[in-house]
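Asks: Mind having a look at this structure? Questions to follow.
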Amino acid sequence: MYKVSVGKKILSANEEYALKNSRFLSEHKKLCLNMISSPGSGKTTILARTITELKDKIKIGVIEGDIQTDIDAERIRATGAPAIQINTDGACHLSAAQVSGALEKLAVDDLDLIFIENVGNLVCPSAFELGENGKIVVLSVAEGDDKPAKYPAIFAKSKVLLINKIDLLEAIGQVDFDIKRVKADARKLNKGIEIFPISAKTGEGMADWYDWLKREVKNLRL
């Protein structure tokens, strides 16, 4: 009697599509970043502001992942950027196969950068590679400063940590969110992680994030 590991089969199939996506992006010399966070951290607001303020420098497209609705995709389209919606119908993450289909629908040749806005979840998306160039983890100050310690995988795998909603720090107070602790815990897991405290609402700190994006796009073209 044979035992079949369903989990391994699913991951194996996903890895095949992830490799396909990676080759596609490499051939077209396009930067692709997978943005991951808990629900409500401000991913869509960050993306909308980033697209608007960099529109004359970087051409950006977005692959939107949600369990239901295209609310976030419509917010992105309102900036003038193309957005492809993927509804997972209950799944807690995007798959590489879904991203592969979305890449075929995007006018990739007209873009410099593709963001994947993954389903709101700090756990499942970290286990599924999509063929991206890197992961961006977003943590809002309203979520508490214990998230790198509680959900280490995504912080260990990410190129960048965006600490969002820093405009709320004064109201929340250091007792509930110690930004030094977050930075220290993240760097214990990942020495090379770039950390940008930002407010997508006020624009504070966003210039450093933009500079990083411009460098990454430029380096990929070399």
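A short reminder: the numbers here are calculations on the coordinates, not readings from a lab. No experiment lies behind these values; they were computed from the predicted model shown. Cβ placement follows ideal geometry from the backbone for every residue including glycine, while neighbour counts extend to all protein chains displayed.
Asks: Which one, Ile116, Leu47, Ile193, is farthest towards the positive end of the dipole of region 6-221 when Lys and Arg carry +1 and Asp and Glu -1 on their Cβ?
Replies: Of the listed residues, the answer is Ile193.
Asks: Report the local net charge at Leu130: Lys and Arg +1, Asp and Glu -1, summed over other residues whose C-beta lies under 11 Å from its C-beta.
Replies: -1
Asks: Continuing with the same structure: So between Arg77 and Thr52, what do we pick up on full extension, going 0.36 nm a residue minus the alpha carbon distance?
Replies: This chain segment gains 7.9 nm when fully extended.
Asks: Could you work out the equivalent-ellipsoid semi-axes for region 121-222, taking the square root of 5 times each eigenvalue of the Cα gyration tensor, largest first, in whole Å?
Replies: 23, 18, 11
Asks: Could you pull out the pairs from Lys57/Lys188; Lys30/Lys180; Lys29/Lys147; Lys20/Lys218; Lys59/Lys183; Lys29/Lys180 whose alpha carbons sit more than 32 Å apart here?
Replies: Lys57/Lys188; Lys30/Lys180; Lys29/Lys147; Lys29/Lys180
Asks: If you wrap a convex hull around the C-alpha atoms of region 1-160 and split its volume per residue, what is the figure in Å³?
Replies: It comes to 126 Å³ per residue, whole-number rounded.
Asks: Compare Leu106, Leu168, Leu139 in a GNM of the chain, Cα atoms joined below 10 Å, and give the one with the largest fluctuation.
Replies: For the chain, modelled as a Gaussian network with Cα springs under 10 Å, the answer is Leu168.
Asks: Something else now. Which value, in nm² and rounded to one decimal, describes the direction-averaged projected area of the C-alpha convex hull of region 56-103?
Replies: Approximately 3.6 nm², given one-decimal rounding.
Asks: Based on Cβ point charges of +1 for Lys and Arg and -1 for Asp and Glu, what charge dipole magnitude is obtained for region 6-221 about its Cα centre, in debye rounded to the nearest 20?
Replies: So the magnitude is around 700 debye.
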